[in-house]
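The values are calculated or read from the model by the stated rules, or taken from the named source; none is laboratory data. As the structure is a computational prediction, the values presented were derived from the model and not from experiment. All Cβ positions, glycine included, derive from the backbone under ideal geometry; neighbour counts span all protein chains shown.
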Amino acid sequence: MKTLSIDLEHCYGIKRLTTKFDFSKSSVYAIYAPNGMMKSSFAQTFKDLSNGDESRDRVFRQRTTRRAITGDDGNELTPESVLVLAPYDAQFGSADKTATLLVNPALRQEYEQLFKEIDKSKAAFLKAVKKQSRSKRKPGQLETEISETFTASGQEFYRALIRVKDEVQELPDPQFADVPYDLVADEKVVAFLKSADVNDVLQAYIDTYNDLLEKSKYFRKGTFDYYNASTIATALTKNGFFKANHSVTLNAESKVEVTNEKELAAVIAEEKAAILTDSKLKKSFDEMEKRITKNDVLRGLQEFVAENKDVLALMGNMGKLKEDIWKSYFKAHQDLYLDVIAKFQAAEVRAKEIQAVAAGQRTLWEDVIDIFNRRFFVPFKLEIKNRVDVVIGQAPVPSLSFTFCEGDDTVEMDRPDLLQVLSTGEKKALYILSVIFEVEARRKAQQSTLFVIDDIADSFDYKNKYAIIQYLKDIARDDCFRQIILTHNFDFFRTVNSRFVPYSHCLMVERTSQGLQLTRAAGIKNVFLKDWKLHFFTGGRKRIAAISFIRNLVEYTRGEDDPDFSRLTSLLHWKKDSDSITHGDLDGIYMRLFGASNSPWSAPHTTVLETIFAEAKACLSAPEGSHLENKVVLAIAIRLEAEKHMVKEIADKEFVESITSNQTSVLLGRYRDRPVVDPEAVRTLDEVTLMTPENIHLNSFMYEPIVDMADDHLRQLYSKVLSLNESH
């Protein structure tokens, strides 16, 4: 964007503003606007544009608003091309944009591709397991359940699968594959089995069952129970054992030789039936069944254990039973199970390599944080906690770590706690961090942006103010960016001019009867040397404004006893010779101080006071804006008129001539002590003592306070003081 055209009417107090910014020679403009002169309204209007909102007049809502903000092509700027940076906004910042500063697209793409196939394989495996287990749990819940069953965490799914891989592969048969998982793992079932009376009955059943196993002809607890026997029978059959004419010998009181699968199955079934039909075991089972039957929510468990009495005997150790059930599910879908593990292990090595590369990368986020830590003076340091995860796209946004520092003592704090101990200025510095993130995200995306910067350094100490200015200078170097910097602080305005904003792009706001206008700034640096002194013999207003500077220079070089110092004092205070000093006298003082040979004032015989009062009157109708000489002239005229009035009313020549310092205040003290006093006049004269000294006694280094003050207060005060003399 080379040009920006603005046509505003009735936008938040802006009556009318039509102007054009030319960015062809510089990407930045600085606008100085005293308080109440456009700044916030201008910024709000652009914020409306960036938000896609209509602008309006806050007070006179019936007024028709016009807002035309157009670029080179005559079309209105798009919302995304405008960003308004307020003095402070605690909610500012786009997490999505700032996260992109960390993401490495190539690493992220490779990392995502590694796990894309894994996720696909995992989804197929969990789908099969869910169907096998007849569980109502969602796949994600099953994933957590598997992890918690085989590890100490719910987040170690792949580690859980790998841990039991050998055991699953060695299983000859998925003996518990048909057990409905929710029946044995349901929280209500677990709680029921742990209850005191139920646990006693269950334990009695288990003890009886185990005792019968020990007395069994063929079964033995923990080594060769019913499930072991069934598994072996199935394995022998699958592997063609009996077809190869082999036989199995069972040791009991007498040896039994089994030559085929049918005989072995019959022996196992007969022995199982003998155990399960034992009267003592049946009695224990009946006791257990009574307790299950009393609980309606366990009806499914009742039906299951009625058909699987041997499984009931295993419920005394639910942890092991759950492991055995899961391993059976895995065995039932062994191909899918092994495929998940293989894909995970194949990707794991490369994933670690990618993470190592990501850990070693320096990202733009580090650059931003480095800028902040180096440039800004705050009692904390920043670093990124989860840089690797964000670089490869595994975490949505970076997580900042705040380390609070006090001498050699440090403590890590989270953001909410940190905000509780920071000063207002330090909180604003943290806001600047968000601004830098936003700017750098736009820089990385090469997004053309107009930044409207509304006194972003306001209320900062000088060190941090200069850090902000330096960053604005950095922004100005980017071809994608344009800036309009708004401020009501003249010192800030002067500093950005000295650092990076050309004089031709420094503007000031003036209020006219039609609205507002932007004019090229003057007197930004050393107004006396570079402006007023140059016009001392040609411009009445600047000539008068320079008097206080010249008086200071005489005081510094020759002292207060010098006649020229006294003569100049008579032009700033009402003295007996004040109305007799001519422009020829003032020219002589100038020549003696500077040794210059300029052409003298065009009317050397006229008095200086005539010019002071004439120029002050002209200031009352001049365009309102940032004209330092107007304020100085008004302040001088106000004080002369005020002292003239008080001297006349006091009517004590000897007292007046005895005053050697602080004349205005001394006169006001005597003025108050008169027998008859006009309260309104005293209030006006009080304002004179409050407002005029700082406007008159200036030097070229310390005049920004009065520049920042709008001159309408001085205009009103001058009118009041004039009325004092006119009424007496």
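Okay, here's what the table says:
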item: Residue pairs meeting the criteria (Cβ under 6 Å; at least 6 apart or on separate chains; first touching a residue at least 12 places away in the same chain (Cβ under 8 Å) and under 14 Å from L83 (Cα atoms), in the range 425-448; second surrounded by fewer than 21 Cβ atoms within 10 Å (Cβ to Cβ) and among the basic types (K, R)); result: A441/K97
item: Only listed residue being modelled with pLDDT of 90 or more, touching a Leu at 6+ places or on another chain (Cβ under 8 Å) and not acidic (D, E), chosen from L126, L101, L161; result: L126
item: Lone unmet requirement of (1) modelled with pLDDT under 75; (2) not in a loop (DSSP other than H, G, I, E, B) for E257; result: (1)
item: Answer residue from the range 384-411, given it is modelled with pLDDT of 75 or more and in a strand (DSSP E or B) and is surrounded by the most Cβ atoms within 10 Å (Cβ to Cβ) among those; result: F402
item: Qualifying helices (runs of 4 or more DSSP H) (wholly inside the range 445-551; at least 3 residues being at pLDDT below 95, assigned by TED's automatic domain parsing to the domain that holds D89 and surrounded by fewer than 19 Cβ atoms within 10 Å (Cβ to Cβ)); result: 462-476, 490-499
item: Residue in the range 33-43 that is loosely packed, with under 14 Cβ neighbours inside 10 Å and either hydrophobic (A, V, I, L, M, F, W, C) or in a strand (DSSP E or B) (or both) present; result: no
item: The listed residue being more than 28 Å from D478 (Cα to Cα) and in contact with a His (Cβ under 9 Å, 6 or more places away or on another chain), out of R61, R56; result: R56
item: Condition met for D57 (in the same structural domain as Y88 (by TED's automatic domain parsing), surrounded by fewer than 22 Cβ atoms within 10 Å (Cβ to Cβ) and more than 22 Å from D89 (Cα to Cα)); result: yes
item: Qualifying residue in the range 578-596 (condition: in contact (Cβ under 8 Å) with a residue 60 or more places away in the chain, part of a loop (DSSP other than H, G, I, E, B) and assigned by TED's automatic domain parsing to the domain that holds V656); result: no
item: Cβ-Cβ under 6 Å pairs, at least 6 apart or on other chains, the range 111-125 side under 16 Å from E143 (Cα atoms), far side among the basic types (K, R) and surrounded by 14 or more Cβ atoms within 10 Å (Cβ to Cβ); result: I118/K343; S121/K343
item: Residue in the range 55-68 that is β-branched (V, I, T) and either touching a Lys or Arg at 6+ places or on another chain (Cβ under 6 Å) or not in a loop (DSSP other than H, G, I, E, B) (or both) present; result: yes
item: All positions within the range 10-19 that are under 33 Å from the mean Cα position of the chain (by Cα) and among the charged types (D, E, K, R); result: none
item: Residue ID - surrounded by the most Cβ atoms within 10 Å (Cβ to Cβ), chosen from residues in the range 552-577 that are closer than 26 Å to H645 by Cβ and in contact (Cβ under 8 Å) with a residue 24 or more places away in the chain; result: L571
item: Residue within the range 608-620 that is small (G, A, S), in a helix (DSSP H, G or I) and in contact with a Phe, Trp or Tyr (Cβ under 9 Å, 6 or more places away or on another chain) present; result: yes
item: Count of the range 162-185 residues which are part of a loop (DSSP other than H, G, I, E, B) and in contact (Cβ under 8 Å) with a residue 12 or more places away in the chain; result: 10
item: Unique residue being of a type outside the set (S, T, Y), over 16 Å from Y29 (Cβ atoms) and touching a Pro at 6+ places or on another chain (Cβ under 9 Å) when the list is R541, R511, R567, R551; result: R511
item: Hits in the range 617-646 - residues which are charged (D, E, K, R) and at pLDDT 90 or above; result: K617, R639, E641, E643, K644
item: Considering residues of the range 623-634 that are in contact with a Lys or Arg (Cβ under 9 Å, 6 or more places away or on another chain) and part of a loop (DSSP other than H, G, I, E, B) only, the residue surrounded by the fewest Cβ atoms within 10 Å (Cβ to Cβ); result: P623
item: Contacts under 6 angstrom Cβ, first residue in the range 26-47 being assigned by TED's automatic domain parsing to the domain that holds Y88, partner among the aliphatic types (A, V, I, L, M) and in a helix (DSSP H, G or I), 6 or more apart; result: S27/A476; V28/A476; A30/V496
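For every residue, the table says whether it meets (1) touching a Ser or Thr at 6+ places or on another chain (Cβ under 9 Å); (2) within 21 Å of A342 (Cβ to Cβ); (3) among the charged types (D, E, K, R).
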position: Q141; (1), (2), (3): yes, no, no
position: S147; (1), (2), (3): yes, yes, no
position: A152; (1), (2), (3): no, no, no
position: Y158; (1), (2), (3): yes, yes, no
position: R163; (1), (2), (3): yes, yes, yes
position: D166; (1), (2), (3): no, yes, yes
position: Q169; (1), (2), (3): no, yes, no
position: P174; (1), (2), (3): yes, yes, no
position: P180; (1), (2), (3): yes, no, no
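Quick grid of which residues meet (1) at pLDDT below 95; (2) among the charged types (D, E, K, R); (3) touching a Ser or Thr at 6+ places or on another chain (Cβ under 9 Å):
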{"site": "E555", "(1), (2), (3)": "yes, yes, no"}
{"site": "L571", "(1), (2), (3)": "no, no, yes"}
{"site": "S578", "(1), (2), (3)": "no, no, yes"}
{"site": "A596", "(1), (2), (3)": "yes, no, no"}
{"site": "P600", "(1), (2), (3)": "yes, no, no"}
{"site": "T607", "(1), (2), (3)": "no, no, yes"}
{"site": "T611", "(1), (2), (3)": "no, no, no"}
{"site": "E615", "(1), (2), (3)": "no, yes, no"}
